[in-house]
Each structure stands twice: as structure tokens, then as C-alpha cells.
Amino acid sequence: MSVPRGSFRARLAAIVAGAVALRLLYVLVLARHVPMAGDSQFFHAEANLVAGGRGYIEPFLDAAYGLHVPTAAHPPLYPTVLAGVSLVGGDGLLAQRAFGAAFGAVTIILIALIGRRVGGERAGLAAAAIAALYPLFVAADGAPMSESLYGMLFAGCLLLAMHLRERRTARLAAALGALIALAALTRSEALLLLLLLGLPLTRQSWRTSVALVSACAVVLAPWTIRNWSAFDRFTLISHNDSTVLAGANCDATYHGPDLGSWRFDCI
């Protein structure tokens, strides 16, 4: 089912405006009282270190001991984007939390476009409304965590894949490969999209497959080369998967109140 084009845009704009207002309200009223810890503290501190020209160094060692130690504990794209916010004066936690509303707004627009392609304009508006109100989306956009940017890039990958499914050109394949790489530079598991999304769509043409993989490799290359130089060994994106595995696999997470969870002391 469809609605008039102008009406679709106007209704989507109203949904997005309401979603941004809701996220800013969450940041100003609730999220500001959530204590900083772990990954959120890492991203906030890392963004300000990058903005200050100190590079991608381990922020906790820098704060505790003044040690300048290179890090790839997390992929670099999210703190790099936050560093841009810091450079224009948004180096405080509140400003960086609020910036997530921009990612949320774009994500909702992309979800609406995906829904419209799948089920028409009414479905697109319904999907946008659900995304605007979904509590986990609101909380993720109001936290200084990479999930807000990752959600936007993931939705972009899905929408671009829909275009590629209809027009299997090398240009669209390359665009999808580059976007998958950007998502992987936000959360490294996004590389699975090459296997689950990109290659199945391009398997019928070696040109589109090569364009997909080559574009992904080109976007990843600068960070991977930096890692090789910093650590003197191959590190494609990050090494935080090792801490995830170590922190989730020990006696304390196999039994008792933290069953199935993650603990720092397990590392």
C-alpha cells in the first residue's frame, strides 16, 4: 500500500523529529545519571585523545600511568567520528551522548526506505515508527557506544544490497564492499556481511565479486597497515575478540549469578 509521496516524506520527517526529541530527552534526563564504565569510557576518552593529536593509544593506561601504548582494543571508526565532535567543542560526555541522536535519525530513515522497498510506504512508515520508539535503539543512540553508528551502517548495507539485487553492477558491488568495511571498522563482526550478503549477491559475476572484495580491502587497508606497524604482527581490525572470549570463559561465568555473562577478572 502506498501514500502520496509528499505525505510519506512529511510523515517520515515527523517520526524522525519525534525520535530525535525522544533520544535527546533520554540523554538529558536519564542517561546522564548512568555511570561511565568499560567500553563507553574507552570510546569517550579515545575520541578526545585522537582529537588532541595523540593517536589511537590505550586510554586507561594513559590516564593511570601516562603511558603512550598503541591500541586496537576496538575498531577505530566510532572514536574517530567522535573525535570530530570533540574538535568542534563537543569533547564532553553529554555532547557525545547527544550526537548519537544524529545516527539514530539516519538509521530510522534507512529503515523506512528498507520497509518501503519490502512492503510499500505504509510498511516503511510503520518500521520507522517502531525503530523510533524501540527502547534498545533509544538507549544505544544515547550511549557513547559504537552500536549507534553500527546500526546506521548496517541498515545502509541492507538497503544497498537491495539495490544490488536489482542491478548487479560492479559500481554498486564496490559501494557495498566499502560500506561493509566501514561497518567492520565500527564492529569487526560486520565482515561476516561479505559472506552472508555480498558474495551471494555477486557470485554470478566475477567482476562484481572482485569489485566487492577489492573495495572492502582498500577501505580496511590503512588501519590494518597501521596495526601491523604498531604491533609488529598482523591484526586485521582489532584484538577485542580475545578479551571477549577470555572474559566469557571461566568458572565464574560457567556457574553462579554470572552464568553466561562476562567478567573482567576472567581475563
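Determine, from the Cβ-Cβ distance of E166 and A221 and an R0 of 41 Å, the FRET efficiency 1/(1 + (r/R0)^6), rounded to the nearest 0.05. Present the calculation step by step, with values, prior to reporting the outcome.
Working: r = 30 Å, r/R0 = 0.72.
My answer for the efficiency is 0.85.
Please calculate how many Å² of accessible area segment 212-267 carries per residue, with a 1.4 Å probe and no DNA, RNA or ligand atoms counted.
On the way: 3670 Å² over 56 residues.
Heavy-atom accessible area per residue stands at 66 Å².
Select one label from [x] 163; [y] 147; [z] 113: the one whose number is volume of the Cα convex hull per residue in Å³ as derived from the coordinates shown.
[x]
In terms of the Cα gyration tensor, with a ≥ b ≥ c the square roots of its eigenvalues, is segment 181-253 rounded because a/c is under 1.5, prolate because a/b exceeds b/c, or oblate?
Numbers: a/c = 3.46, a/b = 1.55, b/c = 2.23.
Oblate shape, in that a/c is at least 1.5 and b/c is the bigger or equal ratio.
Of the listed peptides 70-79, 214-223, 233-242, what is their order by residue-averaged count of other C-beta atoms within 10 Å, with the highest listed first? Walk me through the intermediate numbers first.
On the way: 70-79: 21.1, 214-223: 16.9, 233-242: 14.5.
My ranking of the peptides, most packed first, is 70-79, 214-223, 233-242.
How much accessible area per residue does segment 95-137 have, counting only protein heavy atoms and a probe of 1.4 Å, in square angstrom?
Values: 1850 Å² over 43 residues.
So segment 95-137 comes to 43 Å² accessible per residue, rounded to a whole number.
Applying a 10 Å radius around every beta-carbon, put 93-102, 132-141 in order of their mean neighbour count, most first.
93-102, 132-141
Expressed as a rounded percentage, what relative contact order does segment 152-223 have, with Cα pairs under 8 Å and six or more residues apart? Present the calculation step by step, with values, prior to reporting the outcome.
Numbers: 92 pairs, mean separation 27.8, N = 72.
Here the relative contact order equals 39 percent.
Out of every Cα-Cα pair in segment 105-237, what percent are more than 18 Å apart? Walk me through the intermediate numbers first.
Values: 5157 of 8778 pairs.
The share of Cα pairs beyond 18 Å in segment 105-237 comes to 59 percent.
As a test of the formula, what do you get for the chain when each DSSP H run with n ≥ 4 contributes -39,500 (n - 2.57) and the sum is divided by the residue count, at 222 nm and rounded to the nearest 500 deg cm²/dmol?
Working: 13 runs with 182 residues, N = 267.
Only helices count here, giving -22000 deg cm²/dmol.
Quick one: if the Förster radius is 30 Å, what FRET efficiency do L87 and V210 give, using the C-beta to C-beta distance and rounding to 0.05?
Numbers: r = 37 Å, r/R0 = 1.24.
After rounding, the FRET efficiency stands at 0.20.
Say we join alpha carbon atoms closer than 10 Å with springs in a Gaussian network model of the chain; which of A21, A63, A45 then has the biggest fluctuation?
Highest fluctuation among the options: A63.
Let me see the P(r) profile for segment 25-155: every Cα-Cα distance counted, bins of 10 Å, each bin given as a percent of all pairs.
Computed distribution, short to long bins: 13, 38, 29, 14, 4, 1.
Along the three principal axes, how long is segment 16-65 when you take its alpha carbons, biggest first, rounded to the nearest angstrom?
42, 22, 13
Just D251, D232, D39 to compare: in a GNM of the chain, with alpha carbon springs under 10 Å, which one fluctuates most?
D251
With +1 on each Lys and Arg Cβ and -1 on each Asp and Glu Cβ, how big is the dipole of the chain about its Cα centre, in debye rounded to the nearest 20? Can you show the working numbers first?
On the way: 20 positive and 15 negative charges, 308 e Å.
Magnitude of the dipole: close to 1480 debye.
With the full set of protein chains in place, find how many percent of the accessible area of segment 7-115 is carbon and sulfur; take the probe as 1.4 Å. Kindly include the intermediate steps, with their values, before the conclusion.
On the way: 3420 of 4940 Å².
After summing per-atom areas, the C and S share lands at 69 percent.
I'd like the FRET efficiency for D241 and L195, computed as 1/(1 + (r/R0)^6) with the beta carbon distance as r and R0 of 22 Å, rounded to 0.05.
Details: r = 17 Å, r/R0 = 0.76.
The value I calculate is 0.85.
Sort 110-122, 178-190 by packing, meaning the average of other beta carbons within 10 Å per residue, with the highest value first.
Details: 110-122: 18.8, 178-190: 22.8.
Order by mean packing, descending: 178-190, 110-122.
The values are calculated or read from the model by the stated rules, or taken from the named source; none is laboratory data. Predicted model, so just to flag it, every value in this text is computed and none were measured. Reconstructed Cβ throughout: ideal geometry from the backbone, glycine too, with neighbour counts over all protein chains shown. Protein only, heavy atoms only, side chains kept; ligands, DNA and RNA dropped before computing areas. Shrake-Rupley method; radii C 1.70, N 1.55, O 1.52, S 1.80 Å.
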